[in-house]
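A short worksheet on the structure shown next.
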């Protein structure tokens, strides 16, 4: 009964979305206030109905309702409760329902917190947002219905993909979708502004918090996915430039560019056309990511589905919304005249350079991701574009971005002076060079990657702190720090997080050590200043798997510092093995151990990695996200709160 109600609620939400798409848009065009007022209750109703539908599907997974086809294919009665719940979105149909739930949530939030928006703009934003929802409701109901019943339910299910039965993967998709789908509201603001033919400082302030929220969620989601790949897949890497990894990274780059360019629109009423274009492209790349994940056109370990019919449907959605928005953009570009004039040397110019570096970086990733498909279609050749291409093509732009960021952040608006800014940053530069030189002296004969990464990271962190302290003026009254806007603190924290992540990536790639051997039980061996001893290997029964578990003692200077338990698990229902690495996490390094197969001589294959600064990568991601959250608490940047009612009232409707 609950399942049928969930299906019915989904159909009702589809109908409400159609009403919300049509009626407020007509009302805004005709200036009919009653029709425009339909948008708010419709957005709330759409969200509540979709939430009920999603809750009904989750209930089916929790109680193991094997009359539902989706539950049979992605669950099992012996599965732990956490993975029964996460199984709701650990599949194509359920994840699309989560997608449309978040889409409806952002539309409802725009209705709830958009009280200061001009009525016509608000009606159009909610109508455009609902138009996107209509497309995805149709996609779910006609091609990916999660509520299909089986005439003869089986006794038990086929289990969830064992790789997804992990806490990191339980929370990774919701955060990622909050970022992906959060960019839809920026897209809706951009299209609504194009329809009205007006982009001003108030619009820039309204769109900033939405962009910031989406960027924060994307940062957390990407960080969780990277961490999961590091400890779960057993190869010890944190990023492999997989097509699906790239699908989330490209919108992140464009969202970062959009966030910075929206500041210029708000502060100087410049870069309007560029900011609108970024808002369209950022969501467009989210749709491209959805197409990559669900069409099967590119091979990936993360792909949800391999169904050409679904791929064509998503491609049609992508072409309609992105192509339609770009066509509208071309038609309306002439009315978005920039008012603010700025010099070549200014903060505005630094933001332009920042945007260009991020946009070109995104383009590089896009070309590398899609080129195998293009080569196969156009030249009938099967090609593989791997990490070497991305490392060589992408890294230079990130180095330039790291060098520019502290200088651009401290540059004056409209007209700046490079000499004055650089003089302020001399202590940060000296510290960065000194630490990079120290690293170079200590590493003796290795590559430049480590020192360069340390220099860039320290330069970013020290530059962010210098920028914050510069706001104290000549008085150096540190009590004023507590009174600074939270957005200033958020910027400092986020830029510092980027620096910490750069240090972690460079340190891990430059100084990692690897050892692969056949170890006998009781044997002690040395790896990179540590000693390890395989004490025992046992067969262990888990809740829904059987594990071959090793007991490895880690020694440093003759003293035991940790006991590690690497595992090889086998899931009988899914008939799939997984590798569970054992990791001794420390501030400056990780010791990473993976157990392999038994050998004829009674030994076991052990892979050991010493990974310097690995945790700095994810700590930096969390710090970046924390900076975004701190900025969101600034009263000026809360959703639509920054635009004062008096100012909003002064903005013409057309």
**OP:** Kindly provide the set of residues from region 35-62 that are surrounded by fewer than 23 Cβ atoms within 10 Å (Cβ to Cβ) and either within 14 Å of residue 115 (Cα to Cα) or out of contact with any helix residue (DSSP H, G or I) (no Cβ under 9 Å at 6 or more places or on another chain) (or both), ordered by number.
**Re:** 37, 40, 41
Original post:
Of the numbered conditions (1) surrounded by fewer than 24 Cβ atoms within 10 Å (Cβ to Cβ); (2) more than 30 Å from residue 268 (Cβ to Cβ); (3) more than 13 Å from the chain's Cα centre (by Cα), residue 136 satisfies every one except a single condition; which is it?
Top reply: (1)
Original post:
When the residues of region 45-78 are filtered to those that are touching a residue at least 24 places away in the same chain (Cβ under 8 Å) and either under 22 Å from the mean Cα position of the chain (by Cα) or in a loop (DSSP other than H, G, I, E, B) (or both), which remaining residue is nearest to residue 141 (Cα to Cα)?
Top reply: 67
**OP:** Taking only region 1-17 into account, find how many residues are surrounded by fewer than 19 Cβ atoms within 10 Å (Cβ to Cβ), in contact with a helix residue (DSSP H, G or I) (Cβ under 6 Å, 6 or more places away or on another chain) and closer than 16 Å to residue 100 by Cα.
**Re:** 1
**OP:** Could you check residue 486 against (1) closer than 30 Å to residue 528 by Cα; (2) under 26 Å from the mean Cα position of the chain (by Cα); (3) modelled with pLDDT under 90 and say which number it fails?
**Re:** (1)
Original post:
Of the residues that make up region 183-203, is at least one within 14 Å of the chain's Cα centre (by Cα) and within 27 Å of residue 500 (Cβ to Cβ)?
Top reply: yes
**OP:** Would you confirm whether any residue within region 496-514 is more than 30 Å from residue 426 (Cβ to Cβ), part of a strand (DSSP E or B) and at pLDDT 90 or above?
**Re:** yes
Original post:
Does region 11-22 include one or more residues that are part of a helix (DSSP H, G or I), more than 30 Å from residue 170 (Cβ to Cβ) and either touching a strand residue (DSSP E or B) at 6+ places or on another chain (Cβ under 9 Å) or free of Cβ contacts under 8 Å to residues at least 24 places away in the same chain (or both)?
Top reply: yes
Original post:
For region 516-531, does any single residue satisfy the condition of being surrounded by 17 or more Cβ atoms within 10 Å (Cβ to Cβ) and touching a helix residue (DSSP H, G or I) at 6+ places or on another chain (Cβ under 9 Å)?
Top reply: no
Original post:
Going through region 477-495 one residue at a time, which ones are in contact (Cβ under 8 Å) with a residue 24 or more places away in the chain and in a helix (DSSP H, G or I)?
Top reply: 486, 487, 489, 490, 491, 492, 493, 494, 495
**OP:** Look at residue 29 and say whether it is out of contact with any helix residue (DSSP H, G or I) (no Cβ under 8 Å at 6 or more places or on another chain) and crowded, with 19+ Cβ neighbours inside 10 Å.
**Re:** no
Original post:
Among the strands (runs of 3 or more DSSP E) confined wholly to region 573-642, which include 2 or more residues that are buried (at least 16 other Cβ atoms within 10 Å of the Cβ) and in contact (Cβ under 8 Å) with a residue 40 or more places away in the chain?
Top reply: 576-580, 589-598, 604-612
Original post:
Does region 346-359 contain at least one residue that is assigned to a loop (DSSP other than H, G, I, E, B) and closer than 30 Å to residue 197 by Cα?
Top reply: yes
Subject >> Complete set of residues in region 503-514 that are crowded, with 17+ Cβ neighbours inside 10 Å and touching a strand residue (DSSP E or B) at 6+ places or on another chain (Cβ under 7 Å) >> reply: 507, 508, 511, 512
**OP:** Can you tell me which residue within region 145-174, out of those that are modelled with pLDDT of 90 or more and within 27 Å of the chain's Cα centre (by Cα), is surrounded by the most Cβ atoms within 10 Å (Cβ to Cβ)?
**Re:** 146
Original post:
Limited to region 552-572, what total is found for residues that are assigned to a strand (DSSP E or B) and under 22 Å from residue 163 (Cα atoms)?
Top reply: 6
Original post:
Based on what the data block shows, is residue 116 touching a helix residue (DSSP H, G or I) at 6+ places or on another chain (Cβ under 6 Å), surrounded by fewer than 24 Cβ atoms within 10 Å (Cβ to Cβ) and under 30 Å from residue 163 (Cα atoms)?
Top reply: no
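Check whether at least one residue in region 216-223 is within 10 Å of the chain's Cα centre (by Cα), closer than 25 Å to residue 22 by Cα and in a helix (DSSP H, G or I), and report yes or no.
Within region 216-223, none of the residues are within 10 Å of the chain's Cα centre (by Cα), closer than 25 Å to residue 22 by Cα and in a helix (DSSP H, G or I).
The values are calculated or read from the model by the stated rules, or taken from the named source; none is laboratory data. Quantities reported herein were computed from a predicted structural model and do not represent experimental measurements. When we count neighbours, we look across all protein chains shown, and the Cβ atoms used for this are built from the backbone with ideal geometry, even at glycine.
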